[in-house]
1. Could you tell me whether the stretch B:250-258 includes any residue that is in contact (Cβ under 8 Å) with a residue 60 or more places away in the chain and more than 25 Å from residue A:53 (Cβ to Cβ)?
2. Starting from residues that are of a type in the set (A, V, I, L, M, F, W, C) and either modelled with pLDDT under 95 or assigned to a strand (DSSP E or B) (or both), keep the ones in the stretch B:277-303 and report whichever is farthest from residue B:214 (Cα to Cα).
3. With respect to residue A:175, determine if the residue is more than 24 Å from residue B:127 (Cα to Cα), within 14 Å of chain B (Cβ to nearest Cβ) and acidic (Asp, Glu).
4. Do we find that residue A:190 is away from every other protein chain (no Cβ under 12 Å) and under 18 Å from residue A:102 (Cα atoms) in this structure?
5. Of a type outside the set (Val, Ile, Thr), closer than 17 Å to residue B:167 by Cβ and touching a Leu at 6+ places or on another chain (Cβ under 6 Å), is that true of residue B:39?
6. Suppose we filter A:112, A:93, A:80 for residues that are in contact with a helix residue (DSSP H, G or I) (Cβ under 9 Å, 6 or more places away or on another chain) and among the charged types (D, E, K, R); which single one remains?
7. Give the residues of the stretch A:89-109 that are open to solvent by less than 10 Å² (accessible area, probe 1.4 Å) and modelled with pLDDT under 95, sorted by residue number.
8. State the number of residues belonging to the stretch A:5-21 that are at pLDDT 95 or above and touching a helix residue (DSSP H, G or I) at 6+ places or on another chain (Cβ under 8 Å).
Amino acid sequence: MADSSGFEIQFHIVGDRAISVVLGDVISLEVNSRVRVLKQVIEGRHIEGITEMVPTYTNLIIHYKPEIIRYSKLMKLLGELTFGLKPKETVSEMVVEIPILYGGELQTDLEECATLQKVSVEELIRMHCGSLYYTYMLGFAPGHPYLARFENPFSFKRRECPRVKIPGGSVVVAEGLSNLIPFDQPCGWNIIGHTPVRIFDAYKQPPSLVNAGEWVKFVPITAEEYVEIKERVKNGTYECKSYPKESAR
Amino acid sequence: MNLHFESGGFLTSIQDGGRFGYQDIGISPAGPMDRRAFNLANILVGNSMDEAAFEITFSGPTISFGCDNIIAITGAEMTPYLDGEPCPMYEAVAVKAGQTLRFGKLESGMRSYLAVSGGLDVPLVMGSRSTLIRNQIGGFEGRAIRKEDKIPLRSPKASLKHMNRRVVLERILFADTLEVRVIRGPQDSRFTEQGFRTFFSGLYTVSNEQDRMGCRLDGPKIEHVLDANIISDGIVTGSIQVSGNGLPIIMLSDRQSTGGYTKIATVISVDLPILGQAKPGNRIRFIEIDIVKAQKLYIKEQKWLKRLEAKWRTEKEAR
């Protein structure tokens, strides 16, 4: 069954408790928008038995309880819902502002990246925070977003050797992507800066700072502001600004 | 009123039914590796089947009881002793304040479950008491149980109705060669016919690299049409990824929510407990089954568990 763009939507059985709906075969804003729209449409239908849905770049994984709804019945409902699915403007897309300290005392690869990009450090910083980043999905670690910029991708790839450990709060870049690292972990990307805010907090609702379909705006801060914000985060008195995208920039 | 761990055991953690609803923000559901044994332990002590209990891996802890309680131990045969006397498994056992439970040699399987009546008093984190050790979320302080830990009990019971009926006769059969039923896909088109023949006829061995995240297998290499890379896609518990080296990895309770390798098949829900009890050296043979049969098996098992739950529910809890 094709949607209005001509791509044949596919349904795959993923074991006995999940179905994967494939909305495209390339990583693009358009394909990902279809995934988000489908998720919202299904949520709106309140199908009993669906326990959660996981959007990825091109697919929507639907987890369900077979004791409540069997595979064949769910497939029939999904078939009806996906027929003629048009990518449309969903609810207003949100922008989340994330403070970032470029350089500073914590280790970064700023200078190395600037050299690879053949620009000054200041220009690299301007490049990085000059674009909005789109959140394709979350995965790999709690709250870990896959963020992409759609103009002027960086020219450098991942590092030759991944580092055994980089700190949580690191902001990393490679080519057209920039990610936020929630916890200390190994990483092969280039560190461009650090954010003092919590990318993931198990005790907040929602626990993730950034969510699929949202846009991120990086806002440069000074070393003093970094310390101040970190303190306010600890006291629970700091909130990242967020607003609808139309009013951004 | 608590349990005092005089030793923590190799890897003991608190798990409940699992943390669901947050996979879209990268949270693994965690939960028990042998769900059937876990459910049974809870039902035996009058708990709801998904109540928080202890998952005990490979070598067990030593626990002294701070108050009278009813416990049940299921899963792997880890020769439990209560005050030096063999403690029966798969039945509700009354313990008294001051008694000590310890475990001896692991005879078969890999993971045992210890449920206590009334459940464990650790905080709900994102709706669940399951421990996701890798990300330090939930359970007891987000980690495995250690020596000297004191775990509070929610509402311990000194007695339960129908104690003599609280026995399960259906046990796990531990074998060296395990048959695991799977549903093919979702990236079945990325494997050749030969690849599928290898997968379904081959005998695979559980490697040393197996834990709550996944189980790596050694054995005949599975042939891809092109390569093993896909656009990062969702993973479910039971997903079998095959990377560039042609070897299968079965993703389990603590698996990440997304991954970039082709998936040849998914283990059916009722066979996941087999992987929860698999040890390095066990052989695995994959058997294809269709989704209709798989779901019938799953529903049948759920009904069986619910019948047991109803059978032993005390009057207080019956609604």
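1. no
2. B:287
3. Details: more than 24 Å from residue B:127 (Cα to Cα): yes; within 14 Å of chain B (Cβ to nearest Cβ): no; acidic (Asp, Glu): yes.
Criteria not met by residue A:175.
4. Values: away from every other protein chain (no Cβ under 12 Å): yes; under 18 Å from residue A:102 (Cα atoms): yes.
Answer is yes for this residue.
5. yes
6. A:93
7. A:109
8. 7
The values are calculated or read from the model by the stated rules, or taken from the named source; none is laboratory data. Model, not experiment: these values are computed from the prediction. Because the Cβ atoms are built from the backbone with ideal geometry, glycine has one as well, and the counts that use them run over all protein chains shown. Accessible surface is based on the protein model in full, side chains and every heavy atom, while ligands, DNA and RNA are left aside. Shrake-Rupley method; radii C 1.70, N 1.55, O 1.52, S 1.80 Å.
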